[in-house]
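Chemist: This is the structure I want to talk about, given as structure tokens.
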Ligand SMILES: Cc1ncc(C[n+]2csc(CCOP(=O)(O)OP(=O)(O)O)c2C)c(N)n1
Ligand SMILES: [Mg+2]
């Protein structure tokens, strides 16, 4: 980018720096490559310091919420900490949704927020909000930085906290007076952070590991239920090894997709509200459930009172609060998932584990019967394009290798169901908070990290309009993501609930006055495309993916009456499901 | 069931608000909360009296522990412990009879009269919550209570067990 300069040698003779320079030096020491942000009064000193360096690049978004999602997407794809810079007041409050999104999905993120000068704090000064207070319920931790000298170590602590243990977002508030030129201090940074009050457990307790393996070894109907923890810990290979060693059926949560390859023979699909019948049935009938980095979310369990009554539950998680929060765990194991997986594998060897062939065969026989229902299925027919058909085409054209970043709604569930992810970090979506508007900026963050890969934003006519302004950022930084909008002219997921639960009364679920998305994309300098007929779907999609250096917005007009199936029946057990309209599992 | 939790945490800006916020965010109950720095000024100690079933209690302890600032938390009610609360109470002592009554009740409860006005006595009493409740009730039967303030309970384990860094 042409605005980057350098300050090489400028301050090298002395160890005296302004707070703004310290922010930049500390970020460089954290080895960040990008910071996503938007300028304003209280952070102009930081912007000035960023302008004069070349260690990392600043990406200017069009709305601070998008900065947080972009940093988030970048982090989900790379595993690195996503970094955000926002001004005080409205800039900071615009970040809240993105911080909460990262918090719910345990994404490491550091948000630097400006604040009014220290002497004005509490006076309702111009653009003052208590961002530490506002964000408190949705951060892992936060810091009020109050002196120049504190800046470097506060930033290094923030990074350490964000990425260690159960990752999460950390907010650092920086009042303007400690950033300004008149206020200088010495720069010292401790990159090896030690905190007496924070020591996340790493290894699983050996006694619990032994108990877990004992339960696994005597299981006749074992299910491995794995979640986002596997993805965050890059533990997919170990998970695969374990599943193969046990020849166990394995289901992934929405957040855990790709943890075990979607095409692996032991994969029985996603579980939960829109999971496969075989996954939910296997859970309901299991005698031992091995939960790995998953948290028994209400979108998985359905009615907790009816949840898997006959199963012994082994729950491995880095966060003790996740264990026995909604579902009581019989064998809790606290530890980093990759380390615990290795411990389990070692213990299986140690105890000379052998598969109980007879039990394993009959368990798989039962599962294959459930599978035969083909609950994740649809019929295309002659008429309108089915949304599921679009995802399948997308899968074929990209060889199953694309990064798929989703918004929230029916399209999200179709993508989760019909694009079998081979690898972790390939599927990027807001699972915990369900944030419409996440998809596009997240995809931009991914594209920045992996410019040579296919990066798809799968979205809907509702969600895309929640951060549509970022099409401008895409032009500025040349981020040629492929946007595929399953345009059903409605807030489809809302309408589905209204159809199923609210007697078909479509209160505010229509998107009247939709824009012409093709022209809209073009006005930002991108390629716009509309697909209206089934016959042209494959060719036009292929064409879209062949355009390498420009963003393509593909507006696919899909059947607006399609519902997401299967679907759990409210208040029922995990496996009480509608397979199709009026047909129970 | 009523529980008394003792928390040792970093004495930093915002650390108390994180505890209080956590309780309200997760709909945990706070009966009373007291906080002050310890002999090591870098540490604060909080005592929270709360209630809930075993599952709720387990979550409270885990969630508090998860806060970055928190060094340790212990449930004092799990084993034998000492619990104290301070009460300051202003009561009407208009005539000889009520003055004698106030003095008598105060003596029985081992409290002390710490201030005397023309018509009002101020009494100080320490003890556990039950004792303070009983005292307030008895006093209220004899004379009019003008004002009262309770510190909320503090607690410490009996014997060797200690909550320290
Ligand atoms: C910010 C936000 N507001 C509201 C919702 C509730 N919500 C969930 S799905 C949905 C509809 C999404 O519509 P669209 O993006 O067109 O996707 P579709 O379901 O039609 O595929 C809504 C409103 C949400 N998840 N996020
Ligand atoms: Mg829609």
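Just so it is clear, none of the values below were taken in a lab; they were calculated from the coordinates. Everything quoted here is computed from the prediction, not taken from an experiment. Don't worry about glycine lacking a Cβ; one is built from the backbone with ideal geometry, like all the others, and counts go over all protein chains shown.
Chemist: Cα axis of helix B:96-108 to longest principal axis of chain B: angle in degrees, 0 to 90, nearest 10?
Modeler: 40
Chemist: Let me have the 222 nm mean residue ellipticity of chain B computed from DSSP H runs of 4+ only, each contributing -39500 (n - 2.57), with the sum over all residues rounded to the nearest 500.
Modeler: -9500 deg cm²/dmol
Chemist: While we're on this one: Could you let me know the centre-to-centre spacing of region A:361-440 and region B:1-51, using Cα atoms, in angstrom?
Modeler: Their Cα centres are 45 Å away from one another.
Chemist: Label point 7 Å out from residue A:183 along Cα-to-Cβ: which residues of region A:78-97 have amide N under 15 Å?
Modeler: Only A:88 pass the distance filter.
Chemist: At what distance in nm do the modelled label points of residue A:234 and residue A:584 sit from each other, each positioned 7 Å from its Cα along Cα→Cβ?
Modeler: Those two pseudo-labels are separated by 4.7 nm.
Chemist: Counting helices only, and only those DSSP H runs with n ≥ 4, report the 222 nm mean residue ellipticity of chain A as the sum of -39,500 (n - 2.57) divided by its residues, in deg cm²/dmol to the nearest 500.
Modeler: The helix contribution divided over chain A gives -10000 deg cm²/dmol.
Chemist: Considering chain B as a Gaussian network with a 10 Å cut-off on Cα pairs, which listed residue, B:142, B:130, B:83, attains the greatest mean-square fluctuation?
Modeler: So, out of B:142, B:130, B:83, the one fluctuating most is B:130.
Chemist: Over region B:82-150, what is the relative contact order in whole percent, taking alpha-carbon pairs under 8 Å and six or more residues apart? Kindly include the intermediate steps, with their values, before the conclusion.
Modeler: Numbers: 113 pairs, mean separation 33.7, N = 69.
Result for region B:82-150 is 49 percent.
Chemist: Of the candidates B:84, B:110, B:55, which one comes out as most mobile in a Gaussian network treatment of chain B with C-alpha springs shorter than 10 Å?
Modeler: For chain B, modelled as a Gaussian network with Cα springs under 10 Å, the answer is B:55.
Chemist: Once the Cβ-Cβ distance between residue A:202 and residue B:144 is put in as r, and R0 is 60 Å, what FRET efficiency do you end up with, to the nearest 0.05? Walk me through the numbers on the way to the answer.
Modeler: Working: r = 62 Å, r/R0 = 1.03.
The formula returns an efficiency of 0.45 here.
Chemist: Quick one: of the DSSP bridges fully inside chain A, what percent are antiparallel, nearest 5? Kindly include the intermediate steps, with their values, before the conclusion.
Modeler: On the way: 8 of 73 bridges.
Here the antiparallel bridges make up roughly 10 percent for chain A.
Chemist: Taking the Cα atoms only, what angle lies between the long axis of helix B:129-142 and the longest principal axis of chain B, rounded to 10 degrees?
Modeler: So the inclination is approximately 20 degrees.
Chemist: Can you classify chain A as rounded, prolate or oblate using the Cα gyration tensor, where a ≥ b ≥ c are the square roots of its eigenvalues, rounded means a/c under 1.5, and otherwise it's prolate if a/b beats b/c and oblate if not?
Modeler: Note, shape of chain A comes out oblate.
Chemist: Something else: By how many degrees, 0 to 90 and rounded to 10, does the Cα axis of helix B:15-25 deviate from the longest principal axis of chain B?
Modeler: For B:15-25 against chain B, the angle is about 90 degrees.
Chemist: Rounded to the nearest 0.05, what FRET efficiency do residue A:44 and residue A:380 have when you use their Cβ-Cβ distance and R0 = 60 Å?
Modeler: 0.60
Chemist: Quick one, what does Rg over Rh come out to for region A:71-112 if you take C-alpha atoms and the Kirkwood Rh?
Modeler: Ratio of gyration radius to Kirkwood radius for region A:71-112: 0.97.
Chemist: Only counting other Cβ atoms within 10 Å, I'd like A:273, A:109 sorted with the fewest neighbours first.
Modeler: Working: A:273 21, A:109 30.
Listing A:273, A:109 from fewest to most nearby Cβ atoms yields A:273, A:109.
Chemist: Under 8 Å for C-alpha pairs, at least 6 residues apart: give me the relative contact order for region A:239-366, rounded to a whole percent.
Modeler: 18 percent.
Chemist: Okay, next question. What distance in nm lies between label points placed 7 Å from Cα along the C-beta direction at residue B:12 and residue A:512?
Modeler: Calculated label separation equals 5.2 nm.
Chemist: Could I ask something else about it? If a/c stays under 1.5 just call it rounded; otherwise compare a/b with b/c (prolate if a/b is bigger, oblate if not). Do that for region A:206-371, with a ≥ b ≥ c from the square roots of the Cα gyration tensor eigenvalues.
Modeler: rounded
Chemist: Out of all DSSP beta bridges with both ends in region A:459-572, state the antiparallel percent to the nearest 5.
Modeler: Once the DSSP bridges in region A:459-572 are tallied, antiparallel ones form about 5 percent.
Chemist: Tell me the label-point distance for the pair residue A:534, residue A:118, using the 7 Å Cα-to-Cβ offset, in nm and rounded to one decimal.
Modeler: 6.9
Chemist: Relative contact order of chain B, please, whole-number percent, based on alpha carbon pairs below 8 angstrom and at least 6 residues apart.
Modeler: 28
Chemist: Based only on other Cβ atoms within 10 Å, what is the fewest-to-most ordering of A:207, A:281?
Modeler: A:207, A:281
Chemist: Apply the Debye scattering formula to region A:333-381, with a single equal point scatterer on each alpha-carbon and no solvent, then give log10 I(q)/I(0) at q = 0.24, 0.30 Å⁻¹.
Modeler: Each listed q corresponds, in turn, to -0.87, -1.01.
Chemist: For region A:387-564, give the share of DSSP beta bridges that are antiparallel, in percent and rounded to the nearest 5; count only bridges with both residues there.
Modeler: In region A:387-564, DSSP labels about 5 percent of beta bridges as antiparallel.
Chemist: Test of understanding: ordering A:334, B:20, A:111, A:23 by Cβ neighbours within 10 Å, fewest first, what list do you get?
Modeler: Ranked by crowding around the Cβ, least crowded first: B:20, A:334, A:23, A:111.
Chemist: Shape verdict for region B:88-165, please, from the Cα gyration tensor: rounded (a/c under 1.5), prolate (a/b greater than b/c) or oblate.
Modeler: Since a/c reaches 1.5 and a/b is larger than b/c, the shape of region B:88-165 is classed as prolate.
Chemist: If I take R0 = 25 Å and measure r between the Cβ atoms of residue A:244 and residue A:310 in this structure, what FRET efficiency does the formula 1/(1 + (r/R0)^6) give, to the nearest 0.05?
Modeler: The formula returns an efficiency of 0.45 here.
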